[in-house]
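Single-structure report; data block below.
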Amino acid sequence: MLQRFFIICSGADTLLLSHCSNGEKNKYAGIGATVFFTALMATIAASYALYTVFDNYLTAVFFGIVWGLLIFNLDRFIVSTIKKRESFLDELLQATPRIILAIIIAVVISKPLELKIFEKEINQVLLTEKNQMTLDNKDQIALQYTPKKEALSNDITALKNEITSKEAEVNALYNTYIAEAEGREGTKLLGKGPVYKEKREKHDTALQELQSLKEDNQAKITAKEAELLALDSEYKNQVSTSQPIIDGFDGLMARVNALGKLPWLPSFFIFLLFLAIETSPIIAKLLSPKGEYDYKLEDAETAVKTWVTQNIKEREVILQTDQNLNNKIYNDIAEEDELYSYKRKKARELMQAQADAFFEKQKRGLF
């Protein structure tokens with residue numbers, strides 16, 4: 001039962017093969033088993049690859065089975081269409097397009113399994129890329145806010161410098177009128193004279209201006225600091241909003257690219273393994289000698305071809321004979337006087353009827 005199933009998988013003619021030796025049956029059962037297990041591996045590989053896309057087991061398994069059946073049908077077609085020829089070169093030319101197709105199928109099957117086998121290493125590469133993307137994302141978002149924040153910081157610094165400059169001016173006026181009172185500067189007279197009062201009033205006026213400046217500038221500084229806080233909050237909000245996109249950067253394409261950044265040799269050996277599995281039925285057919293099944297298949301095909309060719313030739317002969325007979329019969333009839341007289345009489349009657357009809361039509365047109 002199992003042997004028959006694998007023979008069906010090989011695409012061989014089960015009726016012809018049933019009359020062959022056990023060796024022929026085992027050969028084609030082995031080819032069919034390779035086709036079947038290749039399709040099974042394709043199903044597993046496609047299911048995993050589609051799971052990384054859809055993140056749903058049922059969807060991934062369903063489409064994985066569809067993909068496996070497609071690969072099974074292609075492999076079965078490739079193997080069943082390779083026929084043994086008298087020349088190995090003819091067989092190789094016949095198998096070349098099928099080998100190319102087998103290589104493409106091997107690549108498609110092996111890649112998802114490579115993603116699964118090297119999953120931990122790929123996750124490490126993706127983690128590094130995500131971290132770098134997070135830093136780059138923060139820098140790119142910061143570029144949107146840096147000019148505004150720098151302008152606000154410069155305004156705050158300018159307001160503070162203005163207060164500091166005014167404080168220095170007030171302190172200088174304070175030192176001036178104190179030095180005048182102590183007789184160290186100015187008039188050099190000890191005591192609080194008119195000059196002292198003048199300098200003291202000037203200091204008091206500057207002190208009031210300083211207090212007013214502090215109140216005004218502090219209000220402006222508070223407003224600008226609030227704008228800075230709002231910008232910081234908006235920046236953090238954009239960073240947190242875009243972070244899930246970076247965290248979700250682990251789809252099929254990202255994993256394939258990450259796999260490409262790993263050492264190529266292990267992936268290459270896995271590809272060679274699947275290439276060997278995929279092309280083994282074709283290679284087996286090319287290298288195996290012409291067997292009992294091949295001769296019987298060739299006999300059946302040539303028998304049909306001969307029968308069809310014979311039927312075509314017979315129909316051509318019948319057609320030619322029929323044409324010759326018809327030509328001879330009509331030639332003989334054409335020489336009979338009785339047929340000539342009959343056709344001459346009918347032609348005269350037809351021409352008279354046409355002349356009478358034309359005369360009647362013209363006559364009606366006159367009245």
Worksheet item: Does Gly30 qualify as being modelled with pLDDT of 80 or more and either buried (at least 22 other Cβ atoms within 10 Å of the Cβ) or not aliphatic (A, V, I, L, M) (or both)?
Response: yes
Worksheet item: Just checking, which of Ile312, Ile283 is at pLDDT below 80 and either in contact with a Gly (Cβ under 7 Å, 6 or more places away or on another chain) or not polar (S, T, N, Q) (or both)?
Response: Ile283
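If I filter the stretch 305-314 for residues that are closer than 30 Å to Lys27 by Cα and either assigned to a helix (DSSP H, G or I) or assigned by TED's automatic domain parsing to the domain that holds Ala12 (or both), do I get at least one hit?
yes
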Worksheet item: Could you say which residue among Arg76, Arg98 is modelled with pLDDT of 80 or more, assigned to a helix (DSSP H, G or I) and buried (at least 19 other Cβ atoms within 10 Å of the Cβ)?
Response: Arg76
Worksheet item: Residues Asp356, Asp332: which one is modelled with pLDDT under 75, charged (D, E, K, R) and outside the structural domain of Val79 (by TED's automatic domain parsing)?
Response: Asp332
Worksheet item: Which is surrounded by 13 or more Cβ atoms within 10 Å (Cβ to Cβ), modelled with pLDDT of 75 or more, more than 30 Å from Pro244 (Cα to Cα) and not β-branched (Val, Ile, Thr), of Asn154, Asn161, Asn137, Asn171?
Response: Asn171
Worksheet item: Which of the following residues is under 28 Å from Ile221 (Cβ atoms), under 30 Å from the mean Cα position of the chain (by Cα) and in contact (Cβ under 8 Å) with a residue 12 or more places away in the chain: Ile156, Ile122, Ile163, Ile141?
Response: Ile141
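For the stretch 206-231, what are the residues that are of a type in the set (Asp, Glu) and touching a residue at least 40 places away in the same chain (Cβ under 8 Å)? Working first, answer last.
Looking only at the stretch 206-231, we keep the residues that are of a type in the set (Asp, Glu), and these are 209, 215-216, 225, 227.
Across the stretch 206-231, the qualifying residues are Glu209, Glu225, Glu227.
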Fill in: Identity of the residue in the stretch 274-292, under 25 Å from the mean Cα position of the chain (by Cα) and more than 16 Å from Thr81 (Cα to Cα), that ends up surrounded by the most Cβ atoms within 10 Å (Cβ to Cβ)
Phe274
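The values are calculated or read from the model by the stated rules, or taken from the named source; none is laboratory data. The structure presented is a predicted model; accordingly, all values stated were derived computationally and were not measured. Positions of Cβ are generated from backbone atoms using ideal geometry, with glycine treated the same way; all protein chains shown enter the neighbour counts.
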